[in-house]
1. Restricting to the stretch A:1-107, compute how many DSSP beta bridges are antiparallel as a %, nearest 5.
2. Which value, in debye to the nearest 20, describes the size of the charge dipole of chain A about its Cα centre when Lys and Arg Cβ atoms bear +1, Asp and Glu Cβ atoms bear -1, and nothing else is charged?
3. Can you grab the distance from the C-alpha centre of the stretch B:72-151 to the C-alpha centre of the stretch A:48-95, Å, no decimals?
4. Defining a contact as two alpha carbons under 8 Å apart and six or more residues distant in sequence, what relative contact order in percent does chain A show?
5. To the nearest 20 Debye, how big is the dipole of the protein assembly as shown about its Cα centre, given +1 on the beta carbon of each Lys and Arg and -1 on that of each Asp and Glu?
6. Based solely on C-alpha atoms, express the radius of gyration and the Dmax of the stretch B:6-203 in angstrom.
7. Treating only the Cβ atoms of Lys and Arg (+1) and Asp and Glu (-1) as charged, compute the dipole magnitude of the stretch A:99-224 about its Cα centre; round to the nearest 20 debye.
8. Which ³J(HN,Hα) values, rounded to whole Hz and listed in residue order, are derived for the stretch A:153-168 from phi using the Karplus coefficients 6.51, -1.76 and 1.60 in 6.51 cos²θ - 1.76 cosθ + 1.60 with θ = phi - 60°, glycine and proline given as x?
Amino acid sequence: MTYETLEVWAEGPVGWLVFNRPEASNAIDARMFVELEAAWAELEADPSVRAIVNTGNGQAFQTGLDVKQFATDPDALRASSRQTRDFALRMTSWHCGVTKPVIAAVNGTCAGGGLHFVADSDIVVAAEDATFLDPHVSVGQVSAFETIGLIKKAPMESVTRMALMGAHERLSAARAHQLGIVSEVVAASDLRDRARTLALSLAEHPPARIASIKQALWSALEAP
Amino acid sequence: MSYEHLIVERHGPVGWLINDRPDVRNAMNSAMRDEFADAWTELDHDPAVRVIVHTGNGRDFQTGVDVGEVASDGIGMERYRQSMEDFDVHFTSWHQGVWKPVITAVNGICCGGGFHWVADSDIVIAASDAQFFDPHTSVGQVVAIEAIGLMKKMPVEAVMRMAFMGRHERMGAERAYELGMISEVVDPPDGLRERAQELGETVARNSPAAMAATKKALWGALETGLTDACRQGAQHLVSMWGHPDQAEGPLAFAERRDPDWQPL
């Protein structure tokens with residue numbers, strides 16, 4: 001597949017999925033909405049890829065749905081509305097059933113729907129100047145899937161605070177590290193190198209074993 | 001409505017619920033327990049109130065059930081047996097189904113039953129001299145509901161340690177912050193209420209209806225597994241579709257003005 005909104009490639013055993021709409025803070029437009037599913041499927045199917053790094057080009061990591069663009073594309077809006085209503089989204093590795101380990105490398109602002117990719121990955125590293133916020137309620141929207149995912153993985157109060165403060169407060173990378181939302185904070189210029197190093201060490205393990213561990217641990221989140 | 005053991009105030013969009021038995025460290029007697037049910041409902045039903053702050057008068061936030069009353073009136077803990085067996089209790093915002101944002105501002109000591117209001121609120125801040133401990137096991141009582149609530153929201157080991165150390169160890173505000181039990185430490189301590197009001201006013205700038213639906217989605221997630229929680233979350237998310245706030249939010253943003261939200 002030829003991608004317009006993502007960069008997708010394999011570098012030895014490391015698969016890269018990079019948001020590539022830097023002029024729009026990597027917001028998900030109708031095209032990216034479709035390309036994400038294809039990209040996760042491609043990296044999952046490529047036998048040379050044993051670990052996947054997900055990051056963004058430009059200043060932001062990911063800032064959620066590009067609502068303005070969707071408003072101009074009724075078919076895409078209908079499709080995304082249906083997937084939202086039925087919780088049948090195909091945006092993240094978890095939605096798409098990826099069995100390989102996924103490392104999110106948060107390179108800058110991660111806002112709203114961008115939190116999906118933090119909640120749904122296995123390992124999260126961040127640049128020093130990365131920030132996290134959830135502006136949904138400040139524009140009259142409900143925050144649900146991405147904050148539900150975070151609640152299952154991190155201290156809840158920090159997540160409810162982020163959801164209710166909306167656009168008016170950001171969580172720093174340092175605080176996200178303290179809370180265990182991310183496990184490592186590095187200089188922005190070192191982020192991709194560090195993510196690659198982590199991915200290479202994951203790639204040394206037998207893929208079937210990694211896949212079964214991943215399945216076992218994520219299944220544990222399904223218990224009430 | 002007038003209260004003997006609580007103070008209910010309104011400051012702009014922020015409703016205040018203040019524990020007011022400072023002479024007994026805000027311990028909860030039967031009358032106060034009943035008043036809580038009314039006070040949460042009063043603030044929840046007032047359309048002018050968009051956010052609720054809960055704190056305590058005097059040196060301490062809250063120290064659980066009033067053991068003086070329990071020990072002296074011949075009824076003892078039996079008075080609470082039926083309500084506990086049925087888990088038919090009404091003294092926190094969660095018990096009362098309050099879907100407005102609730103901010104707990106912990107002043108001084110929060111111990112034992114005081115954790116109910118830490119576990120059951122959305123945002124928790126504390127004064128730098130706040131202290132947390134759970135003395136139940138030191139006085140022959142079982143720790144259950146409030147610790148269960150905390151375990152769902154923060155690292156379990158810290159909660160188990162508090163439960164078993166009883167009154168013999170206290171956790172400071174800084175450690176509670178590190179663990180994510182609270183999200184802010186206010187120093188000096190006497191700035192606590194000012195900061196809580198400021199936070200409340202900030203939260204009040206967001207859509208009341210969107211926040212209520214978000215609260216339902218997030219608190220619902222504690223009741224079930226990840227995928228089921230997302231499916232139920234979708235229902236809350238979709239419940240806002242067509243609501244006037246969904247048009248008003250982007251419009252206000254484009255026009256660089258504060259949104260004019262529908263009251264809840």
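1. 40
2. Its charge dipole is roughly 460 debye.
3. Answer, in whole Å: 41.
4. Values: 421 pairs, mean separation 41.6, N = 224.
After rounding, I find 19 percent.
5. 820
6. When restricted to Cα atoms, the stretch B:6-203 yields Rg and Dmax of 15.8, 47 Å.
7. 220
8. Each residue of the stretch A:153-168 in turn: 10, 9, x, 5, 4, 5, 7, 5, 4, 4, 5, 8, 7, x, 6, 8 Hz.
The values are calculated or read from the model by the stated rules, or taken from the named source; none is laboratory data. Note that this is a predicted model, so its numbers are computed, not measured. Counting neighbours? That spans all protein chains shown, and the Cβs are built from the backbone with ideal geometry, glycine included. Remember, those area values only see protein heavy atoms, side chains included, never the ligands or the DNA or RNA. Shrake-Rupley method; radii C 1.70, N 1.55, O 1.52, S 1.80 Å.
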